[in-house]
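Working notes, structure below.
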Amino acid sequence: MPKFPPCSACGLPFSSQFIQLAGHVRHGAEIPTYLCPRCSHGTTATPDQSAPNRVTAAYRTRVYGDHEHAALLEDDRGQFAEPDVEQEALVRRRRVQDVVQALALVPRDRPHRIMHVGCREGRLLEQLSTQIAATTIGLEPWTPWCDEARRRGVHAEAVTAEDVAPFADPDERLDLIVEHHLLEHLDQPRAHLRRLHRLLADDGVLIIEVPNLLRAYGRLETRFLQEHHRQVFTSRSLATACMRAGFSPLHIDRGANLRIFCQKSHDPSERSQVFHGANADDVFQAVWSNEARLTVKQALAKTGATDAVLELVASTHARCRWAPGRADIALEAAVALERADRYGEAATWLRESLLDRHDGEVAAMLRRIEWIERSRRGPRRRRVVTLPLAPAGAPPRLPALAAMIN
Ligand SMILES: [Zn+2]
């Protein structure tokens, strides 16, 4: 059994019960990710530091303030991602709403005290300053971003949360701590959360946002499981990590990103609890059925609905143990066949999809395709058509049916 650290979210020691989600090879080194059987959290191994030429090459364009704080500047092909301005504006607006909602839980007769950990260029705090009266501070250890935040008029410090000394006076503690897409980069997320716990007022609110493993987009190993994503969160594991650091989850939003709102827990037993949610085997099945769907989709897009690819689709579909994943694979086949005007086969795959997951849109698509298929065959041929999915053998007789109903 390989040597591997305990679960970063709940602390369960590594054992053969952990499920290997992936073992991707980067710069010649294998960097495995294991799912915890207790809280479904994914922990990615630390790259072998004794092989700097192989592994740290991946870090050369990234800036690490210290071992626990990373800022990603460009992707692995050396490309800077084009920002989608519309999407960015939506995200910013939603983050401002989050802050406003959280502050409503912390009534004060003085301006609120807010800290944005990993504030980058300070855009959130800049926007907040126009909407609410609050004392704000941004932490951004990468100095170019920190300087940009200051240029925008934000009070920013080029340090990490670990550098901030606990407040001597409890009244100085923070009413709200906000952190976006930072926790997944850390080696010790619970230690970091405990640090935030000490900085937060007793009735203060913590907002954390991280990527959601169960809403992974694109290829898992190239888009999601990367060595700078040390922590792979499900809603269950994020809530568990927060509880074990002394927080009590108030609300979790499970979109493409997970957003959790917490307050300090007043129940010591919460520190040893595991939050409810999907078990590790289901997470594994869900993630890998999405990978299988992507394989099928890419093959269908590349060569069209050839016999070879349809055979791949059928075998992948048969092997998939996750019903929603199977439904999606069947849909990919149906879409490709419909595109090739093969309506009869498309209808068969749509029926397969509906067996695994009821979906009104898919049912409507099936009705439309069946109608096209009927009109193509014309009234004369329609009389000899047999249903492709009719069960083998004679249908049960009426008394047998009556027995089944009763
Ligand atoms: Zn765990």
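The values are calculated or read from the model by the stated rules, or taken from the named source; none is laboratory data. Just so it is clear, the structure is predicted and the values come from calculations on it, not from any experiment. Cβ coordinates were reconstructed from backbone atoms using ideal geometry, including for glycine residues, and neighbour counts include every protein chain displayed.
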Notebook entry, point to check: Among (1) closer than 24 Å to A89 by Cα; (2) in contact with a Gly (Cβ under 9 Å, 6 or more places away or on another chain), where does T135 come up short?
Noted result: (2)
Check: Would you pick out the residues in the stretch 295-308 that are surrounded by 16 or more Cβ atoms within 10 Å (Cβ to Cβ) and in contact (Cβ under 8 Å) with a residue 24 or more places away in the chain?
Finding: V296, K297, L300, A305
Check: Checking A149 against (1) under 20 Å from G204 (Cβ atoms); (2) crowded, with 17+ Cβ neighbours inside 10 Å, which test does it fail?
Finding: (1)
Next item on the list: Taking the residues in the stretch 309-320 that are farther than 19 Å from E338 by Cβ and of a type in the set (A, V, I, L, M, F, W, C) as candidates, determine which candidate is surrounded by the fewest Cβ atoms within 10 Å (Cβ to Cβ).
Entry: A318
Next item on the list: Looking for whichever is under 30 Å from C36 (Cα atoms), surrounded by fewer than 18 Cβ atoms within 10 Å (Cβ to Cβ), hydrophobic (A, V, I, L, M, F, W, C) and modelled with pLDDT of 90 or more here; the options are A363, A323. Which one fits?
Entry: A323
Next item on the list: Could you identify the single residue in E345, E338, E332 that is without any contact (Cβ under 8 Å) to a residue 60 or more places away in the chain, surrounded by 15 or more Cβ atoms within 10 Å (Cβ to Cβ) and within 27 Å of the chain's Cα centre (by Cα)?
Entry: E332
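Rundown of residues vs (1) more than 14 Å from the chain's Cα centre (by Cα); (2) modelled with pLDDT under 95, yes/no style:
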position: Q226; (1), (2): no, yes
position: R230; (1), (2): no, yes
position: T240; (1), (2): yes, no
position: M243; (1), (2): yes, no
position: N257; (1), (2): no, yes
position: D282; (1), (2): yes, yes
Next item on the list: Give, as residue ranges, the helices (runs of 4 or more DSSP H) completely inside the stretch 34-134 that count at least 3 residues that are modelled with pLDDT of 50 or more.
Entry: 85-103, 123-129
Next item on the list: Quick one: which residue in A314, A278, A299, A308 is under 20 Å from L355 (Cα atoms) and not hydroxyl-bearing (S, T, Y)?
Entry: A314
